[in-house]
Amino acid sequence: MSSVNAGYSQNISIVHPQYFFIIGLSGIPYSTYFYIFLFMIYFITIIGNTIVLLIIALERSLHSPKYIGVFNLALADIGETNAVIPNMMKTFLFDSQYISYNACLANMFFVFFFSSLQSVTLVVLAYDRFIAICLPLRYHAIVNNTSMVLFFPAIWAFNSSLVTLMVSLITRLSICESNVIQSYFCDHGPVYRLACNDYNINKSVGFVITSLYLIAPMIIIFLSYLGIFLALSKITTWERRLRALKTCVSHLLLVGIYFLPICFTYLAQLLLALTPNARVISTSLAYVVPPMLNPIIYVLNTAEIKSLLRKILTSRPAPIREISK
């Protein structure tokens, strides 16, 4: 299939396919319903995160370091969802599984870029909770709006540079044996494994990216909450402990729904040797479900947002009474 359908362009010793074929789900009856389910997730995700963005942007009382982090997380959620689901809908629901070489690299960049933003933002929110509970008297000196506004653009620039490096190294590979990607998007690992020249540097960079945006964030978040629990153990009353811990509930839920599915998918792939279809379903859900749940968790578990929504819903204009003559 690759030799017939893929046109190849050669530059000295580097061979690039004109198109890739994304295999996605194969041999599963009624797979269309899975893609319709993903479209429902896409709709809920975009609406939910847009509402969170508007609430934080328009309500001055939410212009604080914590909600600047939540705002950045909502942007990353929308970006990742737009990078994954519409492309899957176009590819599989409308039977258009071929993607050009350059479009494939662009898809790879945006998926990994916005995923890395989600991971780092969760680390920043953990740092915010750590300072708020462990160093409450110095919180406003260490964590403030100015530092957050400067910090997040730096994160965007650093992450985009690192992901750009990862994607650009794909161009040094000769893809001359097959153009079939065993995934549901232009995944980094399945793409570089198609090369017939040495891809050890790509494998190393992929390991660095995984370590930097998956393993390291989990370790940092674990250590930050270890410090938080040690600080809470020094508080004398259970009431004050629970009040402080309640401010971390939303973040802990976000951390769990982001990292646990990805970790379980990696472990299942290593230990159980998942079939291609099982890998596609598990990894796609691990990417698209957390962005849908994030705004729901923050709305339901954040007192400020709940009280603001309650105020908006209950502030209806008073009916105009007719003046009796």
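The values are calculated or read from the model by the stated rules, or taken from the named source; none is laboratory data. Keep in mind that this is a model prediction, so the values were computed, not measured. So basically every Cβ, Gly included, is an ideal-geometry build from the backbone, and we count neighbours across all protein chains shown. Keep in mind that these areas ignore ligands, DNA and RNA; they rest on the heavy atoms of the full protein, side chains included. Shrake-Rupley method; radii C 1.70, N 1.55, O 1.52, S 1.80 Å.
Would region 269-286 turn up any residue that is of a type in the set (Val, Ile, Thr), touching a helix residue (DSSP H, G or I) at 6+ places or on another chain (Cβ under 7 Å), farther than 19 Å from residue 78 by Cα and not in a helix (DSSP H, G or I)? No, every residue in region 269-286 fails to be of a type in the set (Val, Ile, Thr), touching a helix residue (DSSP H, G or I) at 6+ places or on another chain (Cβ under 7 Å), farther than 19 Å from residue 78 by Cα and not in a helix (DSSP H, G or I).
Looking at region 259-269, is at least one residue more than 22 Å from residue 185 (Cβ to Cβ) and either of a type outside the set (Asp, Glu) or in contact with a Cys (Cβ under 6 Å, 6 or more places away or on another chain) (or both)? Within region 259-269, not a single residue is more than 22 Å from residue 185 (Cβ to Cβ) and either of a type outside the set (Asp, Glu) or in contact with a Cys (Cβ under 6 Å, 6 or more places away or on another chain) (or both). So, in region 83-100, how many residues would count as being without any contact (Cβ under 8 Å) to a residue 12 or more places away in the chain and farther than 27 Å from residue 50 by Cβ? Residues in region 83-100 being without any contact (Cβ under 8 Å) to a residue 12 or more places away in the chain and farther than 27 Å from residue 50 by Cβ: 2 in total.
For region 161-179, a tally of residues being within 17 Å of residue 99 (Cα to Cα), surrounded by fewer than 21 Cβ atoms within 10 Å (Cβ to Cβ) and in contact with a helix residue (DSSP H, G or I) (Cβ under 6 Å, 6 or more places away or on another chain) returns 1. Is it true that residue 176 is within 18 Å of residue 251 (Cβ to Cβ) and not basic (Lys, Arg)? So residue 176 fails the test.
Output the residues belonging to region 7-52 that are among the polar types (S, T, N, Q) and at pLDDT 85 or above. Hits for region 7-52 are 18, 45, 49, 50. Against the list (1) in a helix (DSSP H, G or I); (2) open to solvent by less than 60 Å² (accessible area, probe 1.4 Å); (3) among the hydroxyl-bearing types (Ser, Thr, Tyr), the condition residue 183 fails is (1).
Of the residues making up region 57-82, those that are farther than 20 Å from residue 154 by Cβ and either free of Cβ contacts under 8 Å to residues at least 60 places away in the same chain or among the basic types (Lys, Arg) (or both) number 4.
Looking only at region 247-266, how many residues end up being open to solvent by 80 Å² or more (accessible area, probe 1.4 Å) and either outside any helix (DSSP H, G or I) or over 22 Å from residue 291 (Cα atoms) (or both)?
Number of matching residues: 0.
Among the conditions (1) without any contact (Cβ under 8 Å) to a residue 24 or more places away in the chain; (2) closer than 17 Å to residue 213 by Cβ, the only one that residue 291 does not satisfy is (1).
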